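Asks: Shown below is the structure under consideration.
Throughout, read-outs are computed from the coordinates displayed, never taken from laboratory work. As the structure is a prediction and not an experimental result, all values here were calculated from the model. Positions of Cβ are backbone-derived with ideal geometry, glycine not excepted, and every protein chain shown enters the neighbour counts.
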Amino acid sequence: MKGSTNYIHIILTLSIALIMVTLISGLAYGVIWYFNTYMGNNLDPSNNVITSCIGKCQEEQICSAGTSSNYRLVNGECQCSCIKIKNTLNTNASENTNTQNTGWLLYEHPNFTVQYPSDWEVRTDISGSDLASETVAFSSPETEGDNIWSVLLYNTDSTGMDELIAGMGDQFPDRKETRERITVAGKQATRVTVTTDTIAGWKHVQIFFEDGDTLYAINDGASRNTEFETFYNSFQLIE
């Protein structure tokens, strides 16, 4: 009788162990299947639905001045549109009447001035980079805080141009980088353009130049706004 009881206990123990192994195996398979089905593709920039939608809208949606391309995902379908950039009152902005950029405002910083479209928002209460000592961002409130253009100030003792350039588009393994010498605010500057085949039409441009111990980076935010060149050419240093 005692032998029969031990045999039953062994059968029960083995059955429970088999059930546990089956449950754990099923759970592990489910996690792997979910990762491969939903997460794996989205970790690849070329398959990420949000990244692909942004790239599609940047490539196909051409917006006029005072507007910016916008994207929405509706039931998994990418929808592109142009949104009007609203005006937000800025105490450091004044009407620019003495320049060729009619209707633009002049942002005045202790070290520089720069013009920007009159219906854009200016923000200085953000952190554009962990290394930047100061960031001035120009954007649309409708972009939910995403910056379109920005001017970043770095201390030359803390970072250099090459380090910052290396971070442009570093999420793309096939990034392509070109450099061009230009003049901004009377200073020799470097215009850097980074592109990728991962997202058709994606382009990121920054302008770098030094003044004393300050390294300036004028960033287009990969926005493909056609007026960025006008923006950075309006930049002037204050003596």
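Asks: Rank by packing, highest mean first: peptides 177-188, 218-229, 153-164, with packing defined as the count of other Cβ atoms within 10 Å averaged across residues.
Replies: 218-229, 153-164, 177-188
Asks: Read phi for every residue in the range 201-211 and hand back ³J(HN,Hα) as whole Hz from Karplus 6.51 cos²θ - 1.76 cosθ + 1.60, θ = phi - 60°, with x for Gly and Pro.
Replies: Ordered by residue, 3J(HN,Hα) equals x, 6, 8, 10, 10, 9, 10, 10, 7, 10, 9 Hz.
Asks: On to the next question. Across the range 213-226, in residue order, what do the Karplus-derived ³J(HN,Hα) couplings come to in whole Hz, using 6.51 cos²θ - 1.76 cosθ + 1.60 with θ = phi - 60° and x for Gly and Pro?
Replies: 9, 10, 9, 9, 10, 9, 10, 8, x, 6, 8, 6, 6, 5
Asks: Given H placed 1.01 Å from N in the peptide plane, which residues other than close sequence neighbours of Ser133 have an amide H under 5 Å from its amide H?
Replies: HN-HN under 5 Å from Ser133: Leu153, Tyr154, Asn155.
Asks: Another question, if that's okay. Using per-residue counts of other Cβ atoms within 10 Å, averaged over each peptide, order 170-176, 194-200, 209-215 from highest down.
Replies: Details: 170-176: 13.0, 194-200: 17.9, 209-215: 15.6.
Descending mean neighbour count gives 194-200, 209-215, 170-176.
Asks: So how strong a dipole does the range 163-239 carry about its Cα centre when Lys and Arg Cβ are +1 and Asp and Glu Cβ are -1, to the nearest 20 debye? Please list the in-between numbers first.
Replies: Numbers: 8 positive and 13 negative charges, 55 e Å.
That gives a dipole near 260 debye.
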